[in-house]
1. Compute the helix-to-body angle for 199-208: its Cα long axis versus the longest principal axis of the chain, expressed 0 to 90° and rounded to tens.
2. Step by step: find N for the chain, compute 2.2 N^0.38 Å, then divide the Cα radius of gyration by it. What's the final number?
3. Please identify every one of the trypsin sites (Lys or Arg not before Pro) in the stretch 1-50 that sits in a loop by DSSP and has no more than 12 other beta carbons within 10 Å of its own beta carbon.
4. Dipole size in debye (nearest 20) for the chain around its Cα centre, Lys and Arg Cβ +1, Asp and Glu Cβ -1?
5. For LYS102 and LYS82, what is the calculated FRET efficiency with R₀ set at 25 Å and r taken between the beta-carbons, to the nearest 0.05?
6. Take the alpha carbon atoms of the stretch 127-166, find their center, do the same for the stretch 8-82, and report the distance between the two centers in whole angstrom.
7. Toward the positive end of the charge dipole of the stretch 101-156, about the Cα centre and with charges on Cβ (Lys, Arg +1; Asp, Glu -1), which of LEU140, ILE123, PHE152 goes farthest?
8. Pick out, from ALA180, LEU30, VAL110, the residue whose Cα sits farthest towards the positive end of the charge dipole of the chain, with +1 on the Cβ of Lys and Arg and -1 on the Cβ of Asp and Glu.
Amino acid sequence: MAARHTWKSYLLWCANEHVSFRIPEVEAILAMYKIPHTWIEKPAENPWMLISMPSEDCAIKLMKRSVTVRSIIELWARSTTKEHLDDQLKILPTEFTFYFKKENTFKVVVDTFNKVTSQEDKIKKIESFSFLPILGTANLKNPSVTYHYYEFFGLDAGRIPENPYDYFFGRWVSNSERSAVEKYSLKTRHFIGNTSMDPKLSMIMANLAQIDDGHVVVDPFVGTGFLFL
C-alpha cells in the first residue's frame with residue numbers, strides 16, 4: 001500500500017438523482033474492489049463527496065462501476081470564497097503545475113449546481129483563472145488535460161444566493177459509467193411491461209450487491225425477463 005502521505009484528494013461530483021443511494025453505492029464499490037481510501041467529506045445531500053486515495057488508478061476503478069457519480073477530479077483547491085480558492089491555486093506544488101507544460105493541450109469546464117449559467121458567464125469564469133501559468137494551447141475537442149471548476153449554490157432552488165457556498169477546482173481524471181444508462185434505456189427496448197425497471201436503479205442494485213464478472217445471480221422476480229431475450 002502506498003504511504004499515506006502520497007495519497008491525493010479527489011472530488012466525486014454526483015448526479016442529481018437517487019441521492020440516498022450515493023454513499024451506499026460508492027462504499028459498496030470501494031469494498032468490492034478493496035480500494036484503499038479515507039473519507040474526507042461525504043455529505044448526505046450535497047452533490048459531492050471528498051475522498052483520499054493512493055493513486056489515480058483507484059479513482060478510475062471506482063468510476064468504472066459508479067452510476068450515482070458523474071465524474072471524479074483530482075482536487076487542487078476548495079474554498080468558500082473565490083479569492084481564497086485563487087490564493088490556493090497560486091501556490092500549487094510542482095506535482096500539479098507539471099500539467100501546465102507547453103506540450104499539453106487543455107480546456108476548462110465550468111459547472112454550477114442550482115444555478116443556470118450562460119455561456120458568456122462561463123467564459124468570464126474561465127478567464128478569471130488567467131493567472132495560472134498554463135503554457136499549453138487550448139483544445140476544446142480533445143485536450144490532453146481538462147480542468148474542472150465547480151460552484152455550489154446550495155440546495156434550495158427557491159433561494160439561490162448571490163455567491164456560491166463552495167468552490168472547487170481540479171484536474172479531471174475520469175467520467176463514470178453513466179453512459180451505459182443510455183445503452184439500456186427503456187426507450188431502446190422492444191417490449192416494456194409494467195415490471196420493467198429503470199436501468200439506473202438496476203445498475204445501482206448490482207453495485208450495492210457487489211456483483212462482479214463471473215458471479216451467479218438469482219432473480220426470482222425477473223419480471224418481463226428482458227435482459228435474457
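Each value in this text was obtained by applying a stated rule to the coordinates, not by laboratory testing. All values reported here derive from a predicted model rather than from experimental measurement. Using ideal geometry, Cβ is built from the backbone for each residue, glycine included, and neighbour counts are taken over all protein chains shown.
1. That works out to roughly 90 degrees.
2. On the way: Rg = 19.6 Å, N = 229, 2.2 N^0.38 = 17.3 Å.
Relative to the 2.2 N^0.38 Å estimate, the chain comes out at 1.13.
3. Working: sites: ARG4, LYS8, ARG22, LYS34; in loops: LYS34.
Within the stretch 1-50, the qualifying trypsin sites (Lys or Arg not before Pro) (loop, at most 12 other Cβ atoms within 10 Å) are LYS34.
4. Working: 27 positive and 27 negative charges, 88 e Å.
With Lys and Arg at +1 and Asp and Glu at -1, about 420 debye.
5. Efficiency for this residue pair is about 0.35.
6. Going from one Cα centre to the other spans 19 Å.
7. Sorting the options by dipole projection puts first LEU140.
8. Going by the Cα projections, it comes out as ALA180.
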